[in-house]
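Undergrad: Have a look at this one.
The values are calculated or read from the model by the stated rules, or taken from the named source; none is laboratory data. Source: prediction; values computed, not measured. Counting neighbours? That spans all protein chains shown, and the Cβs are built from the backbone with ideal geometry, glycine included. Only protein heavy atoms, including side chains, enter the accessible area calculation; ligands, DNA and RNA are left aside. Shrake-Rupley method; radii C 1.70, N 1.55, O 1.52, S 1.80 Å.
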Amino acid sequence: QVHPVESGGGLVRAGGSLRLSCAASGSIFSVNAMGWYRQTPGKQRELVATITSGTRTNYADSVKGRFTISGDNDKNTVYLQMNSLKPEDSAVYYCNADLRYKFFTGYKDYWGQGTQVTVSS
């Protein structure tokens with residue numbers, strides 16, 4: 001079992017764009033869904049966007065129309081294109097993968113280590 005690995009965070013000015021990537025690796029049997037969550041100090045982790053293996057997407061109201069989640073099932077990878085970024089989007093962004101590894105029974109949530117996104121005003 002290997003935790004997903006995120007990349008693509010950084011510092012950007014308000015109105016700018018960033019693209020996050022997350023790859024799940026290892027002997028994966030099947031992926032139910034992958035997604036992005038974010039957390040700021042003192043607050044609970046919140047959903048940003050998710051995508052199922054059937055490409056059904058779900059977004060937080062605060063990012064609808066600005067963020068786009070997409071996935072590559074062959075690579076077990078999910079992307080988050082973030083446009084028109086606002087200072088309030090600043091957070092640590094975590095990748096989540098709901099998947100089953102070979103030789104293990106059942107599906108389980110796996111979390112990445114997080115990547116910092118900072119939007120300056």
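Undergrad: Tell me, what HN-Hα J-couplings in whole Hz come from the Karplus equation 6.51 cos²θ - 1.76 cosθ + 1.60 at θ = phi - 60° for each residue of region 10-16, using x for Gly and Pro?
TA: Rounded to whole hertz, the list is x, 10, 8, 7, 3, x, x.
Undergrad: Could you work out the longest stretch of the chain that avoids the chymotrypsin sites (Phe, Trp or Tyr not before Pro) located in DSSP loops with at most 14 other Cβ atoms within 10 Å?
TA: That gives 1-102 as the longest site-free run.
Undergrad: So, R0 is 35 Å and r is the distance between the beta-carbons of THR55 and SER121; what FRET efficiency does that work out to, to 0.05?
TA: After rounding, the FRET efficiency stands at 0.50.
Undergrad: Just want to confirm a number: the relative contact order over the chain, from Cα pairs under 8 angstrom separated by 6+ residues, in percent.
TA: Relative contact order here is 36 percent.
Undergrad: Taking a 24 Å limit on the Cα-Cα distance, which of the listed pairs LYS64/LYS86; LYS43/LYS75; LYS43/LYS86; LYS75/LYS108 fall beyond it?
TA: Correct reply: LYS43/LYS75.
Undergrad: Right, here's the next one. Can you tell me the accessible area per residue over the chain, all protein chains present, probe 1.4 angstrom, in square angstrom?
TA: 55
Undergrad: What residues have an amide H closer than 5 Å to that of GLY16, excluding those fewer than 5 places away on the same chain, when H is modeled at 1.01 Å from N in the peptide plane?
TA: Close amide H contacts, sequence-distant or interchain: LEU85.
Undergrad: Debye calculation, C-alpha points only, no solvent: report log10 I(q)/I(0) for the chain at q = 0.14, 0.21, 0.22, 0.23 Å⁻¹, in the same order as the q values.
TA: -0.55, -1.14, -1.23, -1.32
Undergrad: Determine ³J(HN,Hα), in whole Hz, for all residues of region 72-81 in sequence, where each value follows from phi through the Karplus function 6.51 cos²θ - 1.76 cosθ + 1.60 and θ = phi - 60°; x replaces Gly and Pro.
TA: These are the phi-based 3J(HN,Hα) values: 10, 5, 5, 9, 6, 10, 10, 10, 10, 8 Hz.
Undergrad: Something else about it: Any chance you could run the full-extension gain for ARG66 through THR105? It's 0.36 nm times the residue separation minus the Cα-Cα distance, nm to one decimal.
TA: Using 0.36 nm per residue and subtracting the Cα-Cα distance, I get 10.3 nm.
Undergrad: Of the residues ALA60, ALA91, ALA49, which exhibits the maximal mean-square fluctuation in a Gaussian network model of the chain defined by a 10 Å Cα contact cut-off?
TA: ALA60
Undergrad: Just the number, please: carbon plus sulfur as a percent of the accessible area of region 60-109, 1.4 Å probe, no ligands or DNA/RNA counted. Please report the intermediate quantities before stating the final value.
TA: Details: 1230 of 2690 Å².
That share works out to 46 percent.
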